[in-house]
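Here is the structure we will look at.
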């Protein structure tokens, strides 16, 4: 006996087949990026990924949590996406890394406040709109 526990957490909600497919697609994406930071592309919100990593905090070093992905009205999942504590820690490390972006801004900037001294010690404010 390996002392494992198995249980299902179910939530009944009425969603469309397209919404279920989209959820499964995004969950499968999360399952892929947990070990390959090169795949992180903003497909799933950063805070959602952080929450996902927190789920594994209570796991022991050799435990895993399996998320069953279902199609339509199927009784059994077509796939299990497993999460281990180690996978979650790796993903959390990716999410905590700082990233520097360099580039330019394209578009219109509206209402930039600029101070101009017309008379010494009397600042005047005006607003300007410019295209970049």
Selection from segment 30-47 of residues that are touching a residue at least 12 places away in the same chain (Cβ under 8 Å) and surrounded by fewer than 15 Cβ atoms within 10 Å (Cβ to Cβ): 35, 37, 43, 46
Where a residue in segment 62-73 is touching a residue at least 60 places away in the same chain (Cβ under 8 Å) and its partner, wherever it lies, is assigned to a loop (DSSP other than H, G, I, E, B), with Cβ under 7 Å and at least six apart: 68/77
Sole exception among (1) surrounded by 10 or more Cβ atoms within 10 Å (Cβ to Cβ); (2) at pLDDT 85 or above for residue 124, by number: (2)
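The values are calculated or read from the model by the stated rules, or taken from the named source; none is laboratory data. The shown structure was predicted, so the numbers you read here are calculated from the model rather than taken from an experiment. FYI the Cβ positions are ideal-geometry reconstructions off the backbone, even for glycines, and counts take in every protein chain you see.
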